[in-house]
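Coordinate-derived values only; no laboratory data. Since we're looking at a predicted model, the values are computed, not measured. Here Cβ is always computed from backbone atoms with ideal geometry, including for glycine, and neighbour counts include all displayed protein chains.
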Amino acid sequence: MDLTQKTVENVAYMVEEIKQKLRVVSGAAIKGSHFNEDQYDDIKDLYDLVNSKDKFSISEIEAIVAELGKLRKA
């Protein structure tokens, strides 16, 4: 996967990877289709953050999920 390209597919891929890494229970509420390439840079930052760590506290998970919520399409 070439994440240097700002595409809807890459955004959806990163969102799914973030959900899996965080083991988000309510993952169905967060779908790649809720985002578009306009949020690519912000989602890439979250993706890089999530991939840089092995474990997350509950408050970190909540903050990341909240940030994804803010980035969703209206």
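Need the list of lysines near residue 19 for cross-linking: C-alpha distance under 18 angstrom, and skip anything on the same chain fewer than eight residues off.
Result set, ordered by chain and number: 31, 44, 53, 55, 70, 73.
With unit charges on the beta carbons (Lys and Arg positive, Asp and Glu negative) and the dipole taken about the Cα centre of the chain, which residue among 52, 20, 8 sits farthest to the positive side?
20
For residue 48 paired with residue 5, estimate the spin-label separation in nm (one decimal), with each label point 7 Å from Cα along the Cα-to-Cβ line.
Computed distance between label sites residue 48 and residue 5 equals 2.1 nm.
Which three numbers, in whole Å and largest first, are the semi-axes of the equivalent ellipsoid of the chain derived from its Cα gyration tensor as √(5λ)? Before the final figure, lay out each step's value.
Values: eigenvalues 68, 38, 22 Å².
Over the Cα atoms of the chain, the ellipsoid semi-axes are 18, 14, 10 Å.
If the only charges are +1 at each Lys and Arg Cβ and -1 at each Asp and Glu Cβ, what is the size of the charge dipole of the chain around the Cα centre, to the nearest 20 debye?
Working: 11 positive and 14 negative charges, 64 e Å.
Charge dipole of the chain: 300 debye, to the nearest 20.
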